Amino acid sequence: MSKGPSLPRRAVLRASAGMALLPLGRAAWAATAAGGPQRLIVVLLRGAVDGLNVVVPYAEEAYYAARPTIAIARPGTPGGVLALDARFGLHPALSSLLPLWREGTLGFIHAAGSPDPNRSHFEAQRYIENGTPGDSTTPDGWMNRLLQTLPGPHDPAEAISLGPTLPRILSGSAPATNLELGPEAARPLPIDQPRLAAAFDRLYAGDDALARAYREGRQARSEVLADLAREAAVADAGAPPPRSFAARAARLGRLIGGDPRIRLAFIALGGWDTHVAEGGHQGQLANRLRPLGDGLAALAGGLGTSWRDTVIVVLSEFGRTVHENGDRGTDHGHGNVIWVAGGAINGGRVYGEWPGLAPDQLYQHRDLAITTDFRAALAAILSAHLHLRDDQLDRVFPDAPPVAAGLTRLLSA
């Protein structure tokens with residue numbers, strides 16, 4: 001693959017914390033490359049996934065010494081990791097992602113995360129979503145700031161979030177749309193009743209900000225529901241909507257691939273707080289990773305030709321301790337692994353500077369150290385994939401560190 005364009009001197013990130021109350025939708029966007037519009041999908045694993053058991057440093061003896069019951073065996077052994085290179089291997093429950101790795105559209109950035117030392121799920125997730133580690137006062141999310149930074153024209157359905165409420169990462173002055181893709185996706189709301197809708201339309205018929213926001217929200221809901229109806233008629237043949245993440249992810253992919261207006265998407269998945277009985281190649285973590293891997297593979301397939309113009313980023317609020325605890329689980333840690341996938345990715349490799357797992361190499365003598373700030377990784381993507389300038393990046397991620405030289409080839413030209 002060809003070398004990507006040089007990255008800006010600085011990455012930038014500041015985000016917010018506000019939660020939107022209405023399913024509104026409007027965004028700004030960057031120019032598109034040859035082909036389709038460029039998309040960014042962010043998947044947040046809430047609860048702090050154990051990155052050391054996702055992308056396993058199987059060449060490190062310290063890894064096995066620290067995890068006598070939950071370590072994943074070396075490649076070529078029963079239940080062993082799926083070798084990625086001479087140092088790292090993939091958890092065997094993620095075997096459905098190997099085709100993406102082999103074709104060069106999946107990569108990882110290890111020893112990455114937020115520089116803030118906070119081990120509170122609530123605070124750490126706030127910082128991942130607002131993009132300002134250590135600053136809880138930021139009033140908006142970094143994806144919302146991205147919407148405000150990118151040029152128009154704007155459309156109500158340009159940014160979507162899967163779920164019943166709008167997350168912090170998309171909250172802010174640029175409205176975004178939240179929706180369900182499961183059984184409740186097209187469930188009528190009170191506002192869909194003609195008489196009630198007409199009453200609200202009269203109430204918000206003015207030209208003030210609230211009235212405009214109401215009309216944008218109504219338009220966004222109407223457009224998204226129409227997209228869902230068309231997609232279901234073609235793909236589901238009238239069957240009830242599926243419940244698994246893999247099926248919802250495939251549906252999301254088809255929804256995005258069939259609607260060029262959708263540019264940004266966000267998904268949050270819970271259940272990654274493995275303090276007790278985490279398991280190794282089988283068990284609690286494996287049972288969560290398998291549907292996640294299947295879902296990401298289904299999302300890639302559902303996108304169709306839009307895959308070539310899409311980048312998917314998977315991250316979590318922090319990692320987990322290097323040593324397993326007395327309950328055969330892991331506690332709140334620091335460094336983690338970021339997943340990156342898509343047709344624009346120079347994949348098939350593990351990026352980042354590996355700090356090692358020897359006792360004197362650990363953060364606070366217990367955790368994987370962070371050598372790549374998550375903002376620097378995101379800035380590399382926003383610069384190369386969405387073509388943001390330095391000043392635009394500074395609006396999205398203020399006060400972020402420089403992009404590491406090792407990430408300059410993360411994306412294709």
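Quick notes on this structure:
Yes/no per residue for (1) modelled with pLDDT of 95 or more; (2) in contact with a Lys or Arg (Cβ under 6 Å, 6 or more places away or on another chain); (3) within 25 Å of Asp116 (Cα to Cα); (4) of a type outside the set (A, V, I, L, M):
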| position | (1), (2), (3), (4) |
| --- | --- |
| Gly293 | yes, no, no, yes |
| Ala300 | yes, no, no, no |
| Trp307 | yes, no, no, yes |
| Ser316 | yes, no, yes, yes |
| Gly326 | yes, no, no, yes |
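- Hits in region 340-364 (condition: out of contact with any Gly (no Cβ under 8 Å at 6 or more places or on another chain) and not in a loop (DSSP other than H, G, I, E, B)): Pro359, Asp360, Gln361
Table: residues versus (1) assigned to a loop (DSSP other than H, G, I, E, B); (2) touching a Gly at 6+ places or on another chain (Cβ under 9 Å); (3) crowded, with 21+ Cβ neighbours inside 10 Å; (4) modelled with pLDDT of 95 or more.
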| position | (1), (2), (3), (4) |
| --- | --- |
| Ala211 | no, no, no, no |
| Gly217 | no, yes, yes, no |
| Ser222 | no, no, no, no |
| Asp227 | no, yes, no, no |
| Pro240 | yes, no, no, no |
| Ala247 | no, yes, no, no |
| Leu252 | no, yes, yes, no |
| Gly257 | no, yes, yes, no |
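- Any hit, region 343-363, residues being surrounded by fewer than 23 Cβ atoms within 10 Å (Cβ to Cβ) and farther than 30 Å from Gly280 by Cα: yes
- Residue in region 162-179 that is at pLDDT 90 or above, outside any loop (DSSP other than H, G, I, E, B) and in contact with a Pro (Cβ under 7 Å, 6 or more places away or on another chain) present: no
- Of all the criteria given as (1) touching a Phe, Trp or Tyr at 6+ places or on another chain (Cβ under 7 Å); (2) at pLDDT below 95; (3) closer than 26 Å to Asp273 by Cα, the one not satisfied by Val49 is (2).
- Between Phe108, Phe122, the distinction of being among the aromatic types (Phe, Trp, Tyr), out of contact with any Cys (no Cβ under 8 Å at 6 or more places or on another chain) and under 24 Å from Ile72 (Cβ atoms) belongs to Phe108 only.
- Verdict on Glu317 being in contact (Cβ under 8 Å) with a residue 60 or more places away in the chain and surrounded by fewer than 17 Cβ atoms within 10 Å (Cβ to Cβ): no
- Some residue of region 292-299 being in a helix (DSSP H, G or I), within 25 Å of Ala48 (Cβ to Cβ) and among the charged types (D, E, K, R): yes
- Tally of residues being in contact with a strand residue (DSSP E or B) (Cβ under 9 Å, 6 or more places away or on another chain) and over 18 Å from Leu393 (Cβ atoms) across region 120-158: 8
- The helices (runs of 4 or more DSSP H) falling completely within region 42-155 that include 1 or more residues that are in contact (Cβ under 8 Å) with a residue 12 or more places away in the chain, buried (at least 19 other Cβ atoms within 10 Å of the Cβ) and among the polar types (S, T, N, Q) map to 121-130, 142-149.
- A count restricted to region 127-137 and to residues that are closer than 20 Å to Leu40 by Cβ and out of contact with any Asp or Glu (no Cβ under 6 Å at 6 or more places or on another chain) stands at 4.
- Residue match in region 388-395 (condition: on the phi > 0 side of the Ramachandran plot and in contact (Cβ under 8 Å) with a residue 24 or more places away in the chain): no
The values are calculated or read from the model by the stated rules, or taken from the named source; none is laboratory data. Values in this document were obtained by computation on a predicted structure and should not be read as measured data. Positions of Cβ are generated from backbone atoms using ideal geometry, with glycine treated the same way; all protein chains shown enter the neighbour counts.
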